[in-house]
1. Per residue, how much accessible surface does the chain expose to a 1.4 Å probe? Answer in Å², no decimals.
2. Set the Förster radius R0 to 41 Å, insert the Cβ-Cβ distance between Ala176 and Met140 as r into 1/(1 + (r/R0)^6), and round the FRET efficiency to 0.05.
3. Hey, how much of the P(r) for the chain falls beyond 29 Å, as a percent of Cα pairs?
4. When the Cα centres of the range 148-175 and the range 72-91 are compared, how far apart do they sit, in Å?
5. Restricting things to Cα coordinates, could you compute the convex hull volume per residue of the range 73-177 in Å³?
6. For n ≥ 4 DSSP H runs only, could you compute -39500 (n - 2.57) per run for the chain, divide by its residues and tell me the 222 nm figure to the nearest 500?
7. When only Cα pairs under 8 Å and 6 or more residues apart are kept, what is the percent relative contact order across the range 26-134?
8. Taking a threshold of 23 Å on the Cα-Cα distance, which of the pairs Lys89/Lys116; Lys80/Lys116; Lys66/Lys86; Lys94/Lys161 fall above it?
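The values are calculated or read from the model by the stated rules, or taken from the named source; none is laboratory data. Just so we're clear, the structure is a prediction, and the values are computed from it rather than from any experiment. Every residue, glycine as well, gets a Cβ built from its backbone with ideal geometry; the counts of neighbours run over all protein chains shown. Accessible surface areas use protein heavy atoms only, side chains included; no ligands, DNA or RNA. Shrake-Rupley method; radii C 1.70, N 1.55, O 1.52, S 1.80 Å.
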Amino acid sequence: MIKGRYKTIKDQHQVNGEIRDQEVRVIGSDGQQLGIMSAREALNLAEESDLDLVKISPTANPPVCKIMDYGKFKFEQGKKEKESRKNQKVVEVKEVRLSMTIDTGDMNVKSRQTQKFLEAGNKVMVSIRMRGRQNAHASMGVDVMNEFFDLLGGKAVMDKKPANEGRNITMLLSPAK
């Protein structure tokens, strides 16, 4: 990557005069192998047919170049990248905080909110922060977590069981299939 930006298609391929290799393997615009020749000969062939010489595989021995319309190639690659980014789904991790002394009404409200998060396809981190003497009774917090999971009624899968991590108890839920 170049200073925090994505590599552009231009940065990935050498075109026409940028190809400085002694000899290259050339593939024609129709996909037919034209054989191994000097870079100048290949460039002359490309210019005769009003196309570009593009280095496709620089690590091969000798490097592989193809005769093609580079502008059209760049456009197609950009279209493919845009399409793949569009189809990508970002999964967020939402957080729901409970307390060890949470009342049933509050627990129902939190479970409904958690169900909305799960239906939207997000993962949910459920956490309890223990204060003072609550640290001595971490098992009560785990019981609250398990009760909360039962309230969700099978709409969630437990990725990470309730675990005591210092002053916090955390559990990770993901949507059920």
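1. 67 Å²
2. Numbers: r = 27 Å, r/R0 = 0.65.
After rounding, the FRET efficiency stands at 0.95.
3. Values: 8252 of 15576 pairs.
Distances greater than 29 Å cover 53 percent of the Cα pairs.
4. Each part reduced to its Cα centre gives a spacing of 36 Å.
5. Working: hull volume 12.0 nm³, N = 105.
That works out to 114 Å³ per residue.
6. Numbers: 5 runs with 62 residues, N = 177.
Computed mean residue ellipticity for the chain: -11000 deg cm²/dmol.
7. Working: 104 pairs, mean separation 21.6, N = 109.
Averaging sequence separation for qualifying contacts and normalising by length gives 20 percent for the range 26-134.
8. Details: Lys89/Lys116 17 Å; Lys80/Lys116 33 Å; Lys66/Lys86 29 Å; Lys94/Lys161 17 Å.
Among Lys89/Lys116; Lys80/Lys116; Lys66/Lys86; Lys94/Lys161, the Cα-Cα distance tops 23 Å for Lys80/Lys116; Lys66/Lys86.
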